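Only one structure is covered here, and it is reproduced in the block below.
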Amino acid sequence: IVGLETGDTLELGSLSGAVSVVAVTLGSGAWELLVNPTGTAAAYAQFGGVSANGGNAALSLPDCYWAFDFFYQAKPASGSEPLFEARTLSPAALKLAVRLDSAGKLSVYDQAGVSQGLGATVLSVNTAYRIEVRVGTGTAAAYGLRINGVGELSGTCDQTASNLEAIRIGKPTNIGGNTVSYRFDNLVGDDAAYPGTGISLRRDVTGAGASSGWTGG
C-alpha cells in the first residue's frame, strides 16, 4: 500500500525523471503523485517488495493485481503513452503495459508491445478513476483491466515466463514523444484478487506509548 501521506518520496521505490509528491487535488488524504515529463522524456516511480530491514526489494509473483487512483491533466496529443508497466528486473524486461491514447482511452500491450485491445471508456480530463490491472506470467497468461470496478479489457497474452518483480507508474517508456501530466494516489497490490476501492490516510503519534524506542532499518 502506497498512500503518499508522508508528503514526500519516502514511500516511493526508485524514481526517474519528472516525479514529485504534491498536494492532493482530486484524490484522498493530503498528497498524491505527479508525473509530468515533456516531449520524449520518460518519468516513473517504481515499486517492488520490501526487504526484512525495510528497504526496497524485488517481488517474485506469478500473478498479481494492482489498483490505483488516476487522472490526467494532459494526455498524449497523438498516439499513446504508457501510464503503467509491469516488469521483470533480472533480466530487465516488460511484461504488460497499460497506455492512455489521445482520445482518452486505455489499451493493454503485451511484452512485445503488441496491442491486446482498446477500451471503450473515454477518460475525461481532471477526473479521477480507479484503475485496476491484473498481471500474469507465461506466454498465454491472463490479464485484466478494470475502470471504477467495471471490466474494460481481459484475455490472455504473452507476459514472459519470468515472475513479476516490479511495477512502474507514470510514463516509464517514451512511445510517441508526447508531453503528459499524470496523477496517482492510493496504490495497492494484492496477489489474490483485485483490491477494489480504498484510501490511505495518515495517523500521527500524539503522545508517548508503552514502548517508544525502535531502530530503523
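The values are calculated or read from the model by the stated rules, or taken from the named source; none is laboratory data. Because the structure is a prediction, the values reported are computed rather than measured. For neighbour counting, all protein chains shown are included, and Cβ atoms are generated from backbone atoms with ideal geometry for every residue, glycine included. All accessible areas refer to the heavy atoms of the entire protein, side chains included, with ligands and DNA or RNA removed. Shrake-Rupley method; radii C 1.70, N 1.55, O 1.52, S 1.80 Å.
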With an 8 Å cut-off on Cα pairs and a minimum separation of 6 or more residues, tell me the relative contact order of the chain in percent. 30
³J(HN,Hα), Karplus 6.51/-1.76/1.60, whole Hz, each residue of the stretch 175-183, x for Gly, Pro: 10, x, x, 8, 6, 9, 9, 10, 10
Amide H within-cut-off set for Gln116, under 5 Å, with H built and near neighbours excluded: Val108, Tyr109, Asp110
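Explain nothing, just the number: relative contact order of the stretch 43-153, from Cα pairs under 8 Å at least 6 residues apart, as a whole percent.
Details: 203 pairs, mean separation 25.1, N = 111.
So the answer I get is 23 percent.
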Please work out how much accessible surface Ile175 shows to a 1.4 Å probe, ignoring ligands, DNA and RNA, in Å² rounded to 10. 80
Which of Gly113, Pro91, Phe71 sits farthest toward the positive end of the charge dipole of the stretch 1-158, with +1 on the Cβ of Lys and Arg and -1 on the Cβ of Asp and Glu? Gly113
The correct pair for the chain, radius of gyration to one decimal and Dmax as a whole number, both in Å and from Cα atoms, is 17.1, 58
In whole percent, and with a 1.4 Å probe on the protein chains, what portion of the accessible area of the chain is carbon and sulfur? 51
Amide H neighbours of Ser102 under 5 Å, counting only residues 5+ apart in sequence or on other chains, H built in-plane at 1.01 Å? Gly79
With the other protein chains left in place, how much accessible area per residue, in square angstrom, belongs to the stretch 69-217 at a 1.4 angstrom probe? 45
Which residue fluctuates most in the GNM of the chain (Cα springs below 10 Å): Gly55, Gly144, Gly177? Gly55
List the aspartates and glutamates whose Cα sits under 13 Å from the Cα of Lys95, skipping any in the same chain fewer than 8 residues away. Asp63, Glu85, Asp110, Asp158, Glu165
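With r defined as the distance between the Cβ atoms of Ile199 and Thr38 and R0 fixed at 41 Å, what FRET efficiency is calculated, to the nearest 0.05? Could the numbers behind the result be given before it?
Values: r = 30 Å, r/R0 = 0.74.
Once the sixth-power term is evaluated, E becomes 0.85.
Between Thr139 and Ala208, take the C-beta separation as r, use R0 = 45 Å, and let me know the FRET efficiency to the nearest 0.05. Let's see the in-between values first.
Numbers: r = 56 Å, r/R0 = 1.25.
Efficiency at R0 = 45 Å is approximately 0.20.
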For the stretch 122-132, just list the computed ³J(HN,Hα) in residue order, Karplus coefficients 6.51, -1.76 and 1.60, θ = phi - 60°, integers in Hz, with x standing in for Gly and Pro. 9, 7, 8, 4, 6, 10, 7, 10, 8, 9, 10
Restricting to aspartates and glutamates and to Cα separations under 13 Å from Lys105, and discarding same-chain partners fewer than 8 apart, the set is Glu81, Glu152
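Hey, could you grab the Kirkwood Rh for the stretch 121-216? Inverse mean 1/r over distinct alpha carbon pairs, Å, one decimal. Please list the in-between numbers first.
Numbers: mean 1/r = 0.0585 Å⁻¹.
Taking the inverse mean of 1/r over all distinct Cα pairs, the stretch 121-216 comes out at 17.1 Å.
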What order, most packed first, do the peptides 66-75, 134-143 have when packing is the mean number of other Cβ atoms within 10 Å of each residue? 66-75, 134-143
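Assuming a ≥ b ≥ c are the square roots of the Cα gyration tensor eigenvalues, decide whether the stretch 1-126 counts as rounded (a/c under 1.5), prolate (otherwise, with a/b larger than b/c) or oblate. Intermediate results must be reported in sequence, preceding the final value.
Values: a/c = 1.77, a/b = 1.14, b/c = 1.55.
Since a/c reaches 1.5 but b/c is at least a/b, the shape of the stretch 1-126 is classed as oblate.
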